[in-house]
Amino acid sequence: AIKEYLPKNIQMKEFYECKFGVGLYKGHPLENVPSEKITWNLLAKYDYITIGKNITTQGLRATLITNGVSSRFEMYNGTWEICIGMMKEGLTIGGGDRVYAEWHKDDIIFKECSHLMPDYQFHILTNKSFEPSKASKQLLHILNTFKI
């Protein structure tokens, strides 16, 4: 639907769609709860972690506050590895995307919970009116062949 509002010289291609999910340590009380049954009220009973400064995390923090969910652990300059370490120790649960969970599937359980937060997408926008630089062409090639 966004494409119809773009100027004719702008080309848009979907790059990646993120689906929100909850990361749990193995043995967490929510481990056997079906994904669709996980609610913000249920999550509010546990310590939750947010990580990073990006717009997605800001949206997540706002959603947590709106739904009365505690986010006692907030790492503005942390890494996903630190977050995973905290989850493995049973200190907290975390939110993220299925890709991160796939990289750490031996350490945590990931419950895809798109019903808790809207999916979001990344797009590649190019201006067909201009010839891209060599560096831009290389970047576009990498992005167009990138597989998650």
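The values are calculated or read from the model by the stated rules, or taken from the named source; none is laboratory data. The structure displayed is predicted, hence computed values, not measured ones. Don't worry about glycine lacking a Cβ; one is built from the backbone with ideal geometry, like all the others, and counts go over all protein chains shown. Calculation scope for accessible area: heavy atoms of the full protein, side chains included, ligands and nucleic acids excluded. Shrake-Rupley method; radii C 1.70, N 1.55, O 1.52, S 1.80 Å.
What the table shows:
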quantity	calculated
Residues VAL33 and ASN54, FRET efficiency given R0 of 25 Å [Cβ-Cβ distance, rounded to 0.05]	0.35
Cα centroid of the range 95-140 to Cα centroid of the range 1-52, whole Å	12 Å
From phi via Karplus (6.51, -1.76, 1.60), per-residue ³J(HN,Hα) for the range 47-54 in Hz, x at Gly/Pro	5, 10, 10, 10, 9, x, 10, 5
Candidate lysines - alpha carbon under 16 Å from LYS26, same-chain residues fewer than 8 apart omitted	LYS88, LYS105, LYS111
Å² of accessible area per residue within the chain, as computed with a 1.4 Å probe and no ligands counted	64 Å²
Within the accessible area of the range 1-134 (1.4 Å probe), percent carbon and sulfur	54 percent
Pair GLU112, LYS19: separation of 7 Å Cα→Cβ label points (nm)	0.1 nm
Cross-link partners of LYS53 among lysines (Cα-Cα below 21 Å; sequence separation of 8 or more within a chain)	LYS19
Gain on full stretching of the segment that runs from HIS141 to GLN121 - 0.36 nm per residue minus C-alpha separation	5.3 nm
